Amino acid sequence: MEAQIAMSVPVSDVSMPPSMVQVFESLFVAEYARVVGIANRVLADRAEAEDVAQEVFLDFHRHHSPAAPYAPAWLRRAAWHRALNRVRGRRRRERREQLDAAGARDDAWSSDPQRIAERNYDRERVRSAMRKLPPRAAGVLALRYSGLSYAEVAEAMGIGVGQVGTVLRRAEARLKREVES
């Protein structure tokens, strides 16, 4: 099956010399089952593990030479990390959805106009403070608190993964100052 998948990519669609295409195909055939297996152990979902493997191989193809001596180790480690990120993202989304559902029930069932007014006031203060932030800081805050991982935020904002934490912390501090002022 792995060989069929590797052979299904036309050589003309790959931006490598023909010899490197063969090296990449050999790497793919040799490592695909292991990469999927690692992701599957983390995710316990074969289809999602295959998606992770596809992402890992694509990322490797874009940024590394298939002849690199570290290729197998890199692919396996990347599969592990990407699968863990999926699990973490899923947990964050589930937690956020539970909190959203609990908050929606609380608002919907609350008959206390004062409580509803206070919550609406607080939300408007945060929105107003967000509008005062620089676009990059506001974007990172919104994306991260929407449940995206650092890698997903970095990709969406066009910044390095290492910058996300710094931008996020500075944005949180500035948002806090804006809300409190």
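The table below gives the values:
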read-out	value
Subset of the stretch 68-92 that is among the hydrophobic types (A, V, I, L, M, F, W, C), within 16 Å of Phe57 (Cβ to Cβ) and surrounded by 13 or more Cβ atoms within 10 Å (Cβ to Cβ) - its residue that is farthest from the chain's Cα centre (by Cα)	Ala68
Residues being surrounded by 18 or more Cβ atoms within 10 Å (Cβ to Cβ) and closer than 17 Å to Glu152 by Cβ - total across the stretch 56-67	1
Any chance Tyr121 is surrounded by fewer than 11 Cβ atoms within 10 Å (Cβ to Cβ) and at pLDDT 85 or above	yes
Residues of the stretch 126-141 classified as closer than 13 Å to Glu172 by Cβ and in a helix (DSSP H, G or I), total	7
Where a residue in the stretch 61-78 is part of a loop (DSSP other than H, G, I, E, B) and its partner, wherever it lies, is acidic (Asp, Glu), with Cβ under 9 Å and at least six apart	Pro66/Glu25
Counted residues, the stretch 142-164 - those being surrounded by 16 or more Cβ atoms within 10 Å (Cβ to Cβ), at pLDDT 90 or above and part of a loop (DSSP other than H, G, I, E, B)	1
Failed item, numbered, when Arg46 is tested on (1) closer than 18 Å to Arg77 by Cβ; (2) modelled with pLDDT of 95 or more; (3) basic (Lys, Arg)	(1)
Enumeration of residues in the stretch 42-55 that are in a helix (DSSP H, G or I) and either farther than 17 Å from Gly89 by Cα or of a type in the set (A, V, I, L, M, F, W, C) (or both)	Val42, Leu43, Arg46, Ala47, Ala49, Glu50, Val52, Ala53, Gln54
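The values are calculated or read from the model by the stated rules, or taken from the named source; none is laboratory data. Source: prediction; values computed, not measured. Note that each Cβ is placed from the backbone with ideal geometry, even for glycine, and that neighbours are counted across all protein chains shown.
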